[in-house]
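The structure under discussion appears below in the form of structure tokens.
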Amino acid sequence: MKAVIEITYLVSSILFIFGIKKLASPKTARQGNLYAAIGMFLAIVATLLDQNVLTYEWIIIGSIIGALIGSTMAIKVPMTGMPQMVGLLNGFGGGASTLVALSEYFRKNPNYPVDTGAAFILPVDQGVAIILSLLIGSVTFTGSLIAFGKLQGIVTGKVVKYPLQHPINLVLLLAVLAAGAYVVINPNELNLLFIITGVSLVLGVLLVLPIGGADMPVAISLLNSYSGLAASTTGFVLGNNELIIAGALVGASGIILTIIMCKGMNRSLMNVVMGGWASAGTTGPAATTSAKGQVKSIDTEELAMLLDAVSSVIIVPGYGMAVAQAQHAIRDLMNVLEKKGVNVRFAIHPVAGRMPGHMNVLLAEAQVPYDKLYAMEDINDDFPNTDVVIVIGANDVVNPAARHDPNSPIYGMPILNVDYAKTVIINKRSLNVGYAGIDNELFFYPNALMYFGDAKEAVTRLVNELKSSS
Amino acid sequence: MEEYLFLMHIYVFVLAIFVGFELITKVPPTLHTPLMSGSNAISGITVVGAILSAGMEQFNVSTILGLVAVIFAMINVVGGFLVTDRMLKMFKKK
């Protein structure tokens, strides 16, 4: 039986690997997800056959409750709520790791629940694994809950600064590690184990709280990686290779996404985690508003006339599109322009939105074909040959100051070169600054025209005008 | 052999990280959100540990912790795979 279980775990691990491999193309991705789900099902069945599993009622009850909650969440969540959803799911994974590590500690303790007086010898490797599992699992749990709160608007999305932020976190982390080392040597210190868990939970809150809303793509990716590492450490606790493999795959995935997001902002991971950026802009936006010239605006009728005479349009969506739920209106705009023979494409900046690929999911929901969405490096050279660029709800990712102004907080960040197009239309509700808290000099460029209004409402107005004029 | 077991696990862990890097660098940016939610569901593999904890014969603190862990992990697994499927079926080519 043991061999059957191990082979099933192996098959399950292979299914996970093939599942992720199939995510390399949108054509096979859905099948890949199914492979991974079958892998998970096999792993659960194999575990139920384990000789250590003696009673099933709690497993069944827990599974039913979890499956009901999980499926309800998955069905109900709107596509705009996807970043929160992923954040929350991350948290549950991390929480589960913490609980399993605690449970294993009790199971291995011969003096629990009855004090037998026997010596409790915890092998060092298992002790270390339990402590790391508690630390990473707990940080993932509370960190993800805070990230969820920030994205949902329950917790402030702003950069939160508190006194001695970095020294406090460092001291807490070192305290957990020191206490952990002590517990590994003296496994009977049960209270210390609870303190380690508690401090780790607090650490998760303190680490994510300072991170601002627009940095959430990095935070969510990093927490995703942590949830994988937490699963791996649980694998070390149980001596189970499948958990180690699956956790490592997820850990690697999260790290890669984190690196991509950091590169997309030209910032180091340290800088994001410390909650740095926005502070640069808050020193005084007034200082940068010197003699910029006039902002020109365009109304719906003029814009429709302009678009009547063009052959190529690139739409640049940002977080503002998600907030205004404008993706369906934008799809209509694409359709009406294409009917006029215009070549319409979308340019997606890597950090547009609140999580990696956020814009792509929203546009897919609105049935925009994915082959119309271009990554920054694939479309940036095409802007000079483009008649009109329409920027909807994006700001910092199209600010040319990032290219040439060393004093700008976003200097060096790769941007979409929309200003190279013949005409740039910028849809915004007002002239407010973006996340980085700085003016966007693009608005003052001679080829830039502001099209004011809520994204959904303004685009709908434009679509109606285009329809009636043709 | 027993004393090398931990090293063998490290071995597997390191190799799996490399496999992960190879696989994930090939995922296009357009699928990064489903990648996150799908890999998230995979990290719910902790459910294996949760089942082992909840399935012990005696009902004690370990079992209670295991029960809550099963609930958490199943939310992660079921929610993760379902929501990923929901997203992926929207991705269509012209």
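The values are calculated or read from the model by the stated rules, or taken from the named source; none is laboratory data. Computed from a predicted model, the values in this text were never measured in an experiment. No Cβ is skipped: glycine too gets one built from the backbone with ideal geometry, and neighbour counts run over all protein chains shown. All accessible areas refer to the heavy atoms of the entire protein, side chains included, with ligands and DNA or RNA removed. Shrake-Rupley method; radii C 1.70, N 1.55, O 1.52, S 1.80 Å.
Quick look at the values:
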| item | result |
| --- | --- |
| Label-point gap, in nm, between A:Tyr182 and A:Thr116 - each point 7 angstrom along Cα→Cβ | 2.7 |
| Förster-model FRET efficiency, 35 Å R0, A:Lys296 and B:Lys89, C-beta, rounded to 0.05 | 0.20 |
| Estimated vicinal HN-Hα couplings, Hz - the stretch B:78-87 in sequence order (Karplus 6.51, -1.76, 1.60; Gly, Pro = x) | 5, x, x, 5, 5, 5, 5, 4, 4, 5 |
| Accessible surface buried upon A-B contact (total; probe 1.4 Å; Å², nearest 100) | 8200 |
| Average projected area [Cα convex hull, the protein assembly as shown], square nanometres | 25.7 |
| Binned Cα-Cα distances of the stretch B:1-90, short to long, each 10 Å bin given as a whole percent | 15, 29, 33, 19, 4, 0 |
| Difference of contour (0.36 nm per residue) and Cα-Cα distance, A:Asn464 to A:Gln367 | 33.0 nm |
| Protection proxy ranking, peptides A:313-326, B:7-20, average beta carbon neighbours within 10 Å, highest first | A:313-326, B:7-20 |
| For the stretch A:1-68 and the stretch A:406-433, distance of Cα centres in Å | 46 |
| Long-range amide H partners of A:Tyr374 with built H, under 5 Å | A:Phe346, A:Ala347, A:Ile348 |
| Protein-protein interface of the stretch A:102-116, residues with accessible area decrease of at least 10 Å², isolated chain reference, 1.4 Å probe | A:Leu102, A:Ser103, A:Glu104, A:Phe106, A:Arg107, A:Tyr112, A:Pro113 |
| Mean-position separation - Cα centroids, the stretch B:1-42 and the stretch B:80-94, in angstrom | 22 |
| Hypothetical label at A:Glu57: residues of the stretch B:30-67 whose amide nitrogen lies under 11 Å (7 Å Cα-Cβ projection) | B:59 |
| FRET efficiency for B:Glu22 and A:Ile38, using Cβ-Cβ distance with R0 set to 22 Å, rounded to 0.05 | 0.50 |
| Overall form of the stretch A:344-465 per C-alpha gyration tensor (a/c, 1.5; a/b vs b/c) | rounded |
| Backbone HN-Hα couplings from phi across the stretch A:413-428 [Karplus 6.51/-1.76/1.60, Hz, Gly and Pro as x] | 5, x, 10, 7, 7, 5, 5, 7, 6, 5, 9, 10, 9, 10, 8, 8 |
| The stretch A:1-79 shape via C-alpha gyration tensor axes, a/c threshold 1.5 | oblate |
| In sequence order, calculated HN-Hα J values of the stretch A:223-231 (Karplus, 6.51, -1.76, 1.60; Hz; x Gly/Pro) | 5, 4, 4, 4, 5, x, 4, 4, 5 |
| Accessible surface of the protein assembly as shown, 1.4 Å probe, proportion on carbon and sulfur as whole % | 65 |
| Average projected area [Cα convex hull, the stretch A:101-237], square nanometres | 8.6 |
| Accessible area per residue in Å² at 1.4 Å probe, computed on chain B | 40 |
